[in-house]
1. With both bridge residues required to lie in region 228-342, what share of the DSSP beta bridges run antiparallel, to the nearest 5%?
2. Take the Cβ-Cβ distance between Lys299 and Arg369 as r, set R0 to 25 Å, and report the resulting FRET efficiency rounded to the nearest 0.05.
3. Mind running the shape call on region 92-406? Use the C-alpha gyration tensor, a ≥ b ≥ c as the square roots of the eigenvalues: rounded below 1.5 for a/c, prolate if a/b tops b/c, oblate otherwise.
4. Hey, rough spin-label estimate for Lys124 and Lys61, points 7 angstrom out along Cα→Cβ, what's it come to in nanometres?
5. Report the label-to-label distance for Leu224 and Lys87 in nanometres (one decimal), using points 7 Å from each Cα along the Cα→Cβ vector.
6. Would region 222-354 count as rounded, prolate or oblate if I go by the C-alpha gyration tensor, calling it rounded below 1.5 in a/c and otherwise prolate when a/b exceeds b/c, oblate otherwise?
7. Got a sec? How would Val185, Val233, Val303 order by Cβ neighbour count within 10 Å, fewest to most?
8. Gain in length, Asn314 to Ala108, computed as 0.36 nm per residue apart minus the alpha-carbon separation, to one decimal in nm?
Amino acid sequence: MDPPPPPIPPSLPKEEKTDKTKEAEHSQPHSENGVGETEGSGANTGPVDTSKSRPRRKSEKDKKLKKEDKQNIIKYFNQTINSLVKKKYGKKGFYYPFKSAEIMITLAAVKKILKKEPPMIEMKVPVVIVGDLHGQYSDLIRIFDMFRDDTNPGYLNTRYVFLGDYVDRGRQSLEIIMILFMLKVLYPRQFALLRGNHECRAINKAYGFAAEIRERFLDPKKSLEIFEGFNEVFTHLPLSCLVADSILCMHGGISSKMKTRDDIMKIPKPLKDVSTNPIATDLLWADPMIGLPCDVPNKVRGVSVYFGEETLDNVLNDLNLTMVFRGHQMMMNGFNFYHNKLITVFSAAAYYPDKPNRGAICCIGADGRIGFKVIIPHPPDHPDSQLKMFRGEHDTSNDHDTGYVTVAPQLAAALAHKEEAKKSREERGASGQHDKEEDKEKEKDREKEKE
Ligand SMILES: [Mn+2]
């Protein structure tokens, strides 16, 4: 049986000394997380050392109290994560009963970690790339379940890069952002949480997150504190992630203004107003467009640019990269290729209920091979399909995608060439095989002539 929802930590319960619970095994192996510095120190076993001199005694006591606090927070995180992944929300329907004090503690803990992260963090392979989630919590759970085995829950079995846009649109932004923040605190190196354009105050004030918080926390003072608290933390999120020193990940797109990797590293953090930094604006907002010789203003979004193949080639060359991964645009199959060197990953399935797309994630193996896992939309009568969206009409101006994987231009050219050759062979009325042999003989003859 699952434990009941955990107690609120501000009046942190005293942890039983003998309590070596399951979740302790899951506790963070790293020492640099926000709350887990006591992990592995070994100092929490045995009584306080009384041989210390008197003036230090009080601070030792304080330290012990702090340590207890941290252990209690870790315990609370583990219990909450356990309940959340099993979708045990309590009696109040699909909203997990978060307390405002718990949220504020989580925000403080995750901020401590995000503060230390540079604008471009690094990740090793193998890694899983997750695109936009937009408050569709059940899709995140389906993603974690893909990596579950007999011993571990899926979130422990691989590294993840999340491309941003956790909040807005869907109904359970808080479930998503809270579980990801808690996981980030417990396993900071296993989770890269990048900033999306919806992790900006002006956007998530208007597109659902603020409304969801108001609905869940009726006290306006509390709901405002929570809303501002999240947005303060969002300003500390990194803007990009370098995978295996070769693949650059971001939410929106590349920027023709970045000439070196250092240009990204120089973006100030925390970044309250993204629009003050042109490279950050492109990283969070830009979109690729087929057949563009240069950047053009992104009129659909009213921010940033559309970039073309040449810009992509230049940035890849200048920054010594092989590929770009980004989210930001709904794709009917959950993913899409651009110019063979950029992949869009969009993980929220049935983003528009009237035009149900698949979601997808991308797995990059240790050998650099890339594969996709697809998230099929729930049938319309599924309880998760019933969650009302914070969305007005289906905004068709945002449908950039054809619904099919874009054929890379090189491949298209090769196929067209093949088709032409076939046609000409047919016109000559000879079989392809015969033609090839004839061609080979002619080639040989020509070579003999040359000699
Ligand atoms: Mn976006």
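Read-outs throughout are calculated quantities, based only on the coordinates presented, and are distinct from any laboratory measurement. What you are looking at is a predicted structure, and each value in this text was computed from that prediction instead of being measured. Note that we place each Cβ from the backbone using ideal geometry, even for glycine, and neighbour counts take in every protein chain shown.
1. 45
2. Working from the Cβ atoms, E equals 0.10.
3. Numbers: a/c = 1.34, a/b = 1.26, b/c = 1.06.
It is rounded, given that a/c, with a ≥ b ≥ c, falls under 1.5.
4. With each label placed 7 Å out from Cα toward Cβ, I get 4.4 nm.
5. Label at Leu224, label at Lys87, 3.6 nm between them.
6. oblate
7. Sorted ascending by nearby Cβ count, the order is Val303, Val233, Val185.
8. Length difference between fully extended and current span is 70.2 nm.
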